[in-house]
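Encoded as structure tokens, the structure appears first; notes follow it.
The values are calculated or read from the model by the stated rules, or taken from the named source; none is laboratory data. Predicted model, so just to flag it, every value in this text is computed and none were measured. Reconstructed Cβ throughout: ideal geometry from the backbone, glycine too, with neighbour counts over all protein chains shown. These accessible areas exclude ligands, DNA and RNA; they are computed on the full protein's heavy atoms, side chains included. Shrake-Rupley method; radii C 1.70, N 1.55, O 1.52, S 1.80 Å.
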Amino acid sequence: MASTDEDITAQYFKKGSAVEISSNDEGFRGSWFEGTVIRPPPETTTPLSSRSKRNSVRNKYNNNKKNTMRVLVEYKNLMEDEAGTKKLREELDLVQLRPPPPREKPQSFKFNEEVDAYYNDGWWEGVVTGVLGEDTYSVFFRGNREQIDFKASQLRLHREWVNGKWVPPLEDAPPLEPVQDEKVSAPTELKLNKEIVEDNFGQGALVEVCSDEDGFEGAWFAATVIKKLDERKYLIEYENLRNDDDTEFVREEVDSLHIRPCPPDVRQVDRFEVLDEVDALYNDGWWVGVISKVFKNNKYTVYFRGTNENLKFEHSDLRLHQEWINGKWVIASRALKS
């Protein structure tokens, strides 16, 4: 297995390589689409810097984004024109690409297990919230807080591509060979759980708020509800984020898809393990990540999917990751472990 970024790039992202492509566009985060490398990246790259306070984070992110490795790709199933005669091509950052995971043997899935679901020509990251029988599962999608039912054939175990390796590791048994141009059928039943988006927060309620802005995906910031503006929108004031002049706390309008109650205190964890899903306190917010390395003296390295970064944290700056699903808190399973 390649041990450096350059080796990994040369091995997996050369011209003609099959890849999966992620998107930073609103409504597409957490999805992967099949494609092919048309023009590979150059030989060197500048890594994304660490994030700082809210405003400087955005500036650093945008400045570094200009210098990251760019790759021209062609999508397999997404078309540029409505007639479907020309496949879509895009120039993207290398961090948005990964090799396609090898095809594995069919399997069953458990409640709270992280999966990818094939939907609208792509694989979308979600979590199993219901085992319905007859090989059917309910899957909750964090990005749009919808719940949809799928057959097992439309699901696969969610894995992360980290430093040239699949996490969790692929099974020892040889994977099934992919069939050329095989299509995965679309789900036959669509089920939206309206309770997911109908939380009601009164004035003064303590909440957490997330953002879809570049550089802030996967982060939740503590806030207080100032007032409810309408059925789907609130005015909130952040607890720790201040304006540019540092004269007052930032106020913002947010919709119901980007607000949730503050997670309750859960059982004390004496020690986290590799692949535990956690929230890390960083730059005044809680950022969802995965434990990638455990050190002595209660220190850990946490991997963040959105930026492909590893950062070190004290035990006291971590908490078990929880999801707000159907009006209830669900403690994350060992997110990436079989």
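Of everything in the stretch 220-265 that's at pLDDT 90 or above and small (Gly, Ala, Ser), which residue is least open to solvent (accessible area, probe 1.4 Å)? Step by step, filter the stretch 220-265, then rank; the result is Ala223.
Residues that are modelled with pLDDT of 90 or more, closer than 25 Å to Arg145 by Cβ and polar (S, T, N, Q) do not occur anywhere in the stretch 308-321. Screening Glu189 with (1) over 30 Å from Val302 (Cα atoms); (2) at pLDDT 80 or above gives one miss only, at (2). The requirement of being among the aliphatic types (A, V, I, L, M) and open to solvent by 20 Å² or more (accessible area, probe 1.4 Å) is satisfied by Val288. Identify the residue in the stretch 85-104 that is under 21 Å from the mean Cα position of the chain (by Cα) and hydrophobic (A, V, I, L, M, F, W, C) and, among all such residues, is farthest from Gln11 (Cα to Cα). Within the stretch 85-104, the match that is farthest from Gln11 (Cα to Cα) is Leu92.
Per-residue answers, yes or no, for (1) of a type in the set (Ser, Thr, Tyr); (2) closer than 22 Å to Arg159 by Cβ; (3) part of a strand (DSSP E or B):
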residue: Glu273; (1), (2), (3): no, yes, no
residue: Trp287; (1), (2), (3): no, yes, yes
residue: Phe313; (1), (2), (3): no, no, yes
residue: Glu323; (1), (2), (3): no, yes, yes
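For the stretch 268-277, a residue qualifies if it is open to solvent by 50 Å² or more (accessible area, probe 1.4 Å) and touching a residue at least 12 places away in the same chain (Cβ under 8 Å), and the qualifying residues are Arg271, Glu273, Val274.
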